[in-house]
Amino acid sequence: MDEDQKKQRDEMIARANVAVQGAAIEFVSTLNKRVSDLEKVIIQNDREMAAEMAYNIETEASTFGWPRVTRICKWLRKVFSGEFDQKPEAEVVLKALNALKLMVADPDHPNEQRDSDLFQELYPDLKNIVSDI
Amino acid sequence: MDKIEIKDLKILIADSNLFIARTLFSILEAFGVGKIIVCETLEEAEKQYYNSEIDCIFVDFMMEDRSGLEFIKKIRTNRSSKNSPDVPIILDTGMTDRKTIIMARDAGVTEIISKPFSPEQVLQKLDNAVNNKRDFIEVEEFVGPNRRRRKDSISDWDGEKDRRRSAVKNNK
């Protein structure tokens, strides 16, 4: 790749990064509502829709830098699509959902330390049910 | 084959997650891709594929209860489209376990890009899929790009001894 091509490529990537930042702002503004919608579907016991919604939030959260939200949603996706090692108890699902709700309660001001502690506390229960999270 | 300029590319995005589809759209638009079509359902994507000229497809694995793979198989085996069955297909997926990768490879995907994806990865996979095409294999058990990326020259397998040669349709 010559200098001109490299420069052109760098410019393309810089423009795309700006576009991704714009999408990240939009994602944050909808995160709370999306998790609330996921909760409603779980309460209605619509497993298929719950798995799909959890997958969507999982992939978006991973794209925009929300690692713990990503992992809890991955766990929920696996639980609702039946890919678990041990049948989950409702209490654990509720705990995971509550942790998720707290993490996204004020997405403009995320609390890294609180979210990290919360996830550490939850992790053994989640891991027992789905080993690959 | 001449390198295809990014401004001349026509790309189809099939993803039921409109947020991710829009993000991918923004990335490709920022690269300067000439035409980008976004489809939320496989039915819509299939219609677009059969009626428009497409240079590359991005499709999500989980779409409509994992029917994305059936869509890929259909493209690889159907001759009634404006497009060649060897059109590059990039699978974008949040699932990167071994089973998913093998299923995708066997369905005939060209490249796999795992979510989260960055603009650098999208550009690299796109360039590789469009400008660095592998030989296209059409045999009973498999239709898709050659699974071997390296073009090793192994003297014992050259010429008449190379049984793979009969299955390869060279697209160059």
Check: What is the packing order of peptides A:83-90, A:38-45, B:19-26, taking the mean over residues of other C-beta atoms within 10 Å and listing the highest first?
Finding: B:19-26, A:38-45, A:83-90
Next item on the list: For the range B:23-102, state which trypsin sites (Lys or Arg not before Pro) are in a DSSP loop and have at most 12 other beta carbons lying within 10 Å of their beta carbon.
Entry: B:Arg79, B:Lys82
Next item on the list: Report, by chain and number, residues whose modeled amide H sits under 5 Å from the one on B:Phe58, excluding near sequence neighbours (fewer than 5 apart, same chain).
Entry: B:Leu12, B:Ile13, B:Ala14, B:Ile90
Check: Rounded, prolate or oblate: which fits the range B:1-144, taking a ≥ b ≥ c as square roots of the Cα gyration tensor eigenvalues, rounded meaning a/c under 1.5, else prolate when a/b beats b/c?
Finding: rounded
Next item on the list: Quantify how strongly other chains surround peptide A:7-13 by giving the mean number of their Cβ atoms within 10 Å of each of its Cβ atoms.
Entry: 4
Item checked: B:Tyr50 accessible area, 1.4 Å probe, all protein chains in place, Å² to nearest 10 -> 50 Å²
Notebook entry, point to check: Per-residue HN-Hα couplings for the range B:43-52, Karplus 6.51 cos²θ - 1.76 cosθ + 1.60 at θ = phi - 60°, whole Hz, x for Gly and Pro?
Noted result: 4, 5, 5, 5, 4, 5, 5, 6, 10, 10
Item checked: For B:Ile36, residues with placed amide H under 5 Å, excluding near neighbours -> B:Ile11
Next item on the list: Note down the magnitude of the dipole of chain A about its Cα centre, charges +1 on Lys and Arg C-beta and -1 on Asp and Glu C-beta and zero elsewhere, to the nearest 20 debye.
Entry: 180 debye
Notebook entry, point to check: How far apart, in nm, are two points set 7 Å out from the Cα along the Cα-to-Cβ line at B:Lys47 and at A:Glu91?
Noted result: 5.1 nm
Next item on the list: Using the Karplus curve 6.51 cos²θ - 1.76 cosθ + 1.60 with θ = phi - 60°, work out ³J(HN,Hα) for each residue of the range A:113-121 in order, rounded to whole Hz, and write x for Gly and Pro.
Entry: 5, 4, 5, 5, 4, 4, 5, 4, 5
Next item on the list: Express in Å², to the nearest 10, the accessible area of B:Val139 obtained by rolling a 1.4 Å probe over the protein heavy atoms while all chains stay in place.
Entry: 50 Å²
Next item on the list: Step through the residues of the range A:37-44 one at a time and calculate ³J(HN,Hα) from phi using the Karplus curve (6.51 cos²θ - 1.76 cosθ + 1.60, θ = phi - 60°), rounding each to whole Hz and writing x for Gly and Pro.
Entry: 5, 4, 4, 4, 5, 5, 4, 6
Notebook entry, point to check: Non-local amide H neighbours of B:Ile113 (under 5 Å, H modeled in plane, Pro and chain starts lacking H): which ones?
Noted result: B:Leu91, B:Asp92, B:Thr93
Next item on the list: State whether the protein assembly as shown is rounded, prolate or oblate according to the following rule on the C-alpha gyration tensor (a ≥ b ≥ c being the square roots of its eigenvalues): a/c under 1.5 gives rounded; otherwise a/b larger than b/c gives prolate, and the remaining case gives oblate.
Entry: prolate
Checklist line | Cα-centred dipole magnitude for the protein assembly as shown, charges only on beta-carbon of K, R (+1) and D, E (-1), debye, nearest 20 | finding: 760 debye
Item checked: Exercise: per-residue mean of other protein chain Cβ atoms within 10 Å, B:113-119 -> 6
Checklist line | Inter-chain Cβ neighbour average for residues B:23-31, partner chain, 10 Å | finding: 6
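The values are calculated or read from the model by the stated rules, or taken from the named source; none is laboratory data. Values in this document were obtained by computation on a predicted structure and should not be read as measured data. Ideal geometry is used to build each Cβ from the backbone, glycine not excepted, and the neighbour counts take in all protein chains shown. Just so you know, the surface numbers come from the protein's heavy atoms only, side chains and all, with ligands and any DNA or RNA stripped out. Shrake-Rupley method; radii C 1.70, N 1.55, O 1.52, S 1.80 Å.
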